[in-house]
Amino acid sequence: MTQNVPFDNGVATNVGGAWHIAAAAGLPKRYITSIRMDPADVRTVYVTLGGYGRRWVPPGAEGEDTSLVGTGHVFKSADAGETFVDVTGNLPDVPANWSLVRNGQLIVATDVGVFVSADTAGGMWAQLGRDLPVAPVFKVRLQPGDPDNLIAATFGRGVWSFRFSRETATTTAPAQPSLQADVTTLAPALDAAPTTQPITGATYEFDVKSGYDNSKLLIDASYTGPADVDLYLQVRNADGTWSDAGSSTTSRLDGESLQVGSPALGHYRLLVTEYLGPPQLAIHLNVGFYNSANQRG
């Protein structure tokens, strides 16, 4: 909310010898959460953008001009901030808070964890490591004197570390190809826990197959909120019954993520339950498989 005063941002730089405001063409007019210079080239910079408040006050709710709000959360400039390109790619549509470059790879901290790109061009991202809580990560740093140890500071879930392995095999088997699906919540929800409020739900079934290195399963549910959606994953037993394999029940209103390490082979059922939100909520499911090198299938 800017009290009818147009929001603006800018990038100041002294590349070229004197301080000036770069043109920043292509960079949306949103809150800049961080600016990072590429250690290999002072003219290359990376900018992360927020967007947290839109969950409660969507752009345009007060009749303000939204033509420059744009989309995307990670942008790259190769000319000292004069022009920017969107390298958000397949990152979750959540605020990005910090970035750094390590060994030619771009690493970004977001409101749902830390992600790494295969290079500095962005586009295709994978979640970095495992076991990090799904929580806002406000800063990532490489430990001084030990560039293989990354430190991540979260909001409310402590400080975590991730160690890059120098011995990571280059012949790691691929993960199972990822899946995409769209479901719509209907009443009543299947196998939902007892509650005093109405629940709508949907189900989606898939298989974890043999012949792949499936070291991690990551399910992202995205929708146009606000809505409170929980995810419950079950695996089918030999006798046809179902056993719990994992769940995610955070209070996020813009999406939900569920992570399972080394999922067993078999047939799975995802129960999607909606506790708060519009009727017949359309939900997009992204079911991603990752191998032991954290490469997405």
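Just so it is clear, none of the values below were taken in a lab; they were calculated from the coordinates. Note that the structure is a prediction, hence the values are computed from the model and not measured. So basically every Cβ, Gly included, is an ideal-geometry build from the backbone, and we count neighbours across all protein chains shown.
Region 179-290 gives an Rg/Rh value of 0.96, both radii derived from C-alpha positions and Rh following Kirkwood. Percent of Cα pairs in region 12-163 per distance bin of 5 Å, from zero to the largest separation: 2, 9, 18, 21, 19, 15, 10, 5, 1, 0, 0. By the rule of a C-alpha distance below 19 Å, with chain neighbours fewer than 8 residues away ignored, the lysines paired with K139 are K76. Annotation: peptides 121-131, 32-42, 215-225, ranked by per-residue average of other Cβ atoms within 10 Å with the highest first, follow the order 215-225, 121-131, 32-42.
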